[in-house]
Amino acid sequence: MKGAQKMRDYYEDYDLRIIVLPNCEQFGASVNEELKRMRKNKDGFIVPISVERFSNGEGKGVIKAPVRYKDVYIISDVGNYDISYNFHGRQHAMTPDEHFQDIKRVVSAICGHAERISVVMPLLYQSRQHKRVREGRESLDCPIALQELVNLGVRNIITYDVHAPNVANAIPTRGFENCFPTHIILSNLINQERDIFDNIQIVSPDEGAIGRARYYSDIIGCGLAHFQKRRDYSQVVNGKNPIKTSEYIGSSVAGKNVILVDDMISSGESMVKAARKLKEMGAEKIFLIATFALFTEGTEIFEKAYEEGLFYKAISTNLSYIPSEIQDFKWFEVVDCAPHLAKVINTLNRRESIEEFNEKDRMYIISKIRNR
């Protein structure tokens, strides 16, 4: 028993280190504060680094403190589009490709000296480019990226609500932790909108998100429906095939509150069209929930939809960058997931399973809904 406690103290006091890339400094600092509180450590765990760019676009990563024999967690938000650098005399906004390259730079700067390296990408790089759909002549960027990290010595990938979980098959001998913010979002929703759960239905905006929506449905104990989309594969608009028709499949939503749930809000077209259809069918309060709110086409479509009364509130997380001006909209709410990620890192660092606290969170939410 003493030996086990001594080993636990070793991991707790000496082993853990966090590297926070510049694209998620605020979020990483929050994770560090949570870990300091959990472990009663006043110094924290962040390793100082610099990721520099030359004016021709090349870069380098420098680690400024020892990481030899440490358990290192590299946190990066590849979706942050508000980071820029001087490129041939003009400001150039960093893309996910460049953020991912910086992850590899930091991994290579560790020089293989760490005991274990885990990469935390809440928004998994290229997660929507995980399979070939056009006669085998498409790139498989996400699986290749995962294999690149593993080949550099990364042991674990930690991500959230990945678009296609089966992409983990690309690295079968390494850890792939796909976490979900479902319990955090539901807990927040129960605290603020307790009454909606008396008459509610979960709806998926398309067939691809049914599994995610089903989990919400099972936790709450309510009905489940979805939209079946048909796309026009003869053309590509803004990198995707436009939607021709969308058919609702499920029981009536007349007089019901609705949670419309997906992994991400990109342009918002699917969400808003689904909300409009649900309103036409007689739905009451509609909540748009997505783990990642990218707003790739801006927020105008949502502002207009809110003014029309198509939805009551949009809820997302701080797992990827959201500008402050968007967070200030009265129709938008951000749920803080830093404490959850700190719990995940703390658990994995101690060589324990995250399933145990996931089950506790699940039972807590179920009891909270039933006893509301």
Work out the FRET efficiency for residue 132 and residue 152 from their Cβ-Cβ distance, taking R0 = 25 Å, and round it to the nearest 0.05.
0.50
What are the residues whose amide H is under 5 Å from the amide H of residue 332, where those residues sit 5 or more places off or on another chain and H is modelled from the backbone?
314
Note down the net charge around residue 211, summing +1 for each Lys or Arg and -1 for each Asp or Glu among other residues with Cβ under 14 Å from its Cβ.
-4
Neighbour cut-off at most 14 other Cβ (10 Å), DSSP loop, trypsin sites (Lys or Arg not before Pro), region 42-126:
42, 64, 68
Karplus 3J(HN,Hα) series, Hz, for region 336-347 with 6.51 cos²θ - 1.76 cosθ + 1.60 (x for Gly, Pro):
7, 10, 4, x, 5, 5, 4, 5, 4, 4, 4, 5
Candidate lysines for bridging to residue 104, where Cα separation is under 22 Å - those fewer than 8 sequence places away on the same chain excluded:
60, 64, 70
Note: probe point = Cα of residue 174 + 7 Å toward Cβ; backbone nitrogen < 12 Å; residues of region 93-112 passing the test are 104, 107-108
Heavy-atom accessible area of residue 291 with all protein chains present, probe 1.4 Å, nearest 10 Å²?
10
Quick check on region 91-167: take the gyration tensor over C-alpha atoms, sort the square-rooted eigenvalues as a ≥ b ≥ c, and tell me if it's rounded (a/c under 1.5), prolate or oblate.
prolate
With charges set only on the Cβ (+1 for Lys and Arg, -1 for Asp and Glu), what does the dipole of region 43-158 come to about its Cα centre, in debye to the nearest 20?
220
From the phi of every residue in region 41-57, what ³J(HN,Hα) in whole Hz does the Karplus formula 6.51 cos²θ - 1.76 cosθ + 1.60 yield, where θ is phi - 60° and glycine or proline is x?
10, 7, 8, x, 10, 6, 8, x, 9, 9, 10, 10, 10, 8, 5, 9, x
Under 13 Å from a label point 7 Å along Cα→Cβ of residue 115: give me every residue in region 37-71 with its amide N that close.
67-71
A chain fully extended from residue 187 to residue 58 at 0.36 nm per residue, minus the present Cα-Cα distance, gains in nm 42.0 nm
With Rg/Rh (Cα atoms, Kirkwood Rh) defined as stated, name the option among (1) 0.98; (2) 1.25; (3) 1.01 computed from the structure displayed.
(1)
List the residues whose amide H sits under 5 Å from the amide H of residue 124, counting only those 5 or more places along or on another chain, with H placed 1.01 Å from N in the peptide plane.
160
Once amide H atoms are placed 1.01 Å from N in the peptide plane, what residues at a sequence separation of 5 or more from residue 16, or on another chain, have their amide H within under 5 Å of its amide H?
71
Across 256/330; 277/368; 229/256, pairs whose alpha-carbon gap is larger than 25 Å:
277/368
I'd like to check one number: the per residue accessible area of region 42-142, probe 1.4 Å, reported in Å² as a whole number.
52
Okay, helix-only estimate at 222 nm for the chain: each DSSP H run of n ≥ 4 adds -39500 (n - 2.57), divide by all residues, round to 500 deg cm²/dmol; what do you get?
-10000 deg cm²/dmol
If you place +1 on the Cβ of every Lys and Arg, -1 on the Cβ of every Asp and Glu, and leave all else neutral, what size is the dipole of region 262-372 about its Cα centre, to the nearest 20 Debye?
560
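The values are calculated or read from the model by the stated rules, or taken from the named source; none is laboratory data. As the structure is a computational prediction, the values presented were derived from the model and not from experiment. Please note: Cβ atoms are built from the backbone with ideal geometry, for glycine as well, and neighbour counts cover all protein chains shown. Side chains included, ligands, DNA and RNA excluded: accessible areas come from the protein's heavy atoms. Shrake-Rupley method; radii C 1.70, N 1.55, O 1.52, S 1.80 Å.
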